[in-house]
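I have placed the structure first, in the form of structure tokens, so that the comments after it can refer back to it.
The values are calculated or read from the model by the stated rules, or taken from the named source; none is laboratory data. Because the structure is a prediction, the values reported are computed rather than measured. Ideal geometry is used to build each Cβ from the backbone, glycine not excepted, and the neighbour counts take in all protein chains shown.
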Amino acid sequence: MKGILYGVGVGPGDPELITLKAINLIKENDVIAVAGKDAKEAVAYKIVQGTVPEIENKTLVPVYMPMVMDKDEQIRNHQKGAKMLEKYLEEGKNVVYITLGDSTVYCTFTYLQDIVEADGYETRLVPGITSFCAAAARVNKPLCLWNELLHVVPAAHTMDTPLDQPGNYVLMKSGSHMKEIKDLLRASGREVNMVENCGMPDEKVYMSVDEIPDDAGYFSLIIAK
């Protein structure tokens, strides 16, 4: 029988926020796939290592899919990564692909999943705690109440759009365009909190737009209410 490819969210950064289902799948299977050139340097790997130290003895499969704008190169990288995983699936081995946060929210695993499924293999998704839920808990505030809407968007896609829709906003991966994003936030008049590297050792919390540095890191998540 062919193996199953699991896309497993391991949470935002705190090893204590990994689900029991994720822990059990990692423990029960020998092949663990991780995004990046070096599996042991990946954020997802380091998160799991804090809770499941035996991951060090697993067969680690690094899947390198750099963020590039060239669509053809993206497709080549996705195809290459999928074929690497299919070798193990064809041998009847399950593959657990661990991913930061949740496996259904802006997750590169989805591209591999589509290819692997099209090639006739079974895949399954295992959810993880999302970065925006963890960030809201970190600043001790609800994301939305009663009938409030919640807009979850990649920050880079909001730079030319005012934050004027009803409800609250989550701006993900804001770091590379922070100065422009801060101008939008000020113009919106919204209450702003930001968590950088949520749940990780170098986590930083900012309780207003004026506290946020222009050079904040890639894993910067903004909640604007």
Completion exercise
Per the filter on region 169-180, residues among the polar types (S, T, N, Q) and surrounded by 22 or more Cβ atoms within 10 Å (Cβ to Cβ) are S174
Practice task
Kindly provide the set of residues from region 206-221 that are in a loop (DSSP other than H, G, I, E, B) and surrounded by fewer than 12 Cβ atoms within 10 Å (Cβ to Cβ), ordered by number.
Solution key: S208, D214, D215, Y218
Handout entry: R124, sole failed condition from (1) assigned to a strand (DSSP E or B); (2) charged (D, E, K, R); (3) modelled with pLDDT under 95
Key = (3)
Completion exercise
Checking D119, D183, D164, D72 in turn, the sole residue that is at pLDDT below 95, assigned by TED's automatic domain parsing to the domain that holds E28, surrounded by fewer than 19 Cβ atoms within 10 Å (Cβ to Cβ) and more than 23 Å from N24 (Cα to Cα) turns out to be D72
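So that you can scan it fast, the table gives a plain yes or no per residue for (1) in contact (Cβ under 8 Å) with a residue 60 or more places away in the chain; (2) among the basic types (K, R):
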position: T130; (1), (2): yes, no
position: R138; (1), (2): yes, yes
position: L143; (1), (2): yes, no
position: N147; (1), (2): no, no
position: V153; (1), (2): no, no
position: M159; (1), (2): no, no
position: D164; (1), (2): no, no
position: V170; (1), (2): no, no
Handout entry: Matching option when the condition is more than 12 Å from the chain's Cα centre (by Cα), surrounded by fewer than 20 Cβ atoms within 10 Å (Cβ to Cβ) and more than 24 Å from G199 (Cβ to Cβ), among K93, K40, K46
Key = K93
Practice task
Kindly list, by first and then second residue, each pair from a residue in region 212-224 that is closer than 13 Å to A155 by Cα to a residue that is hydroxyl-bearing (S, T, Y), limited to pairs with Cβ atoms under 6 Å and residues at least 6 apart or on different chains.
Solution key: S220/S174; L221/S131; I222/S174; A224/Y169
Handout entry: Members of region 144-155 found to be surrounded by fewer than 19 Cβ atoms within 10 Å (Cβ to Cβ), outside any strand (DSSP E or B) and touching a strand residue (DSSP E or B) at 6+ places or on another chain (Cβ under 8 Å), listed by number
Key = C144, E148, L149
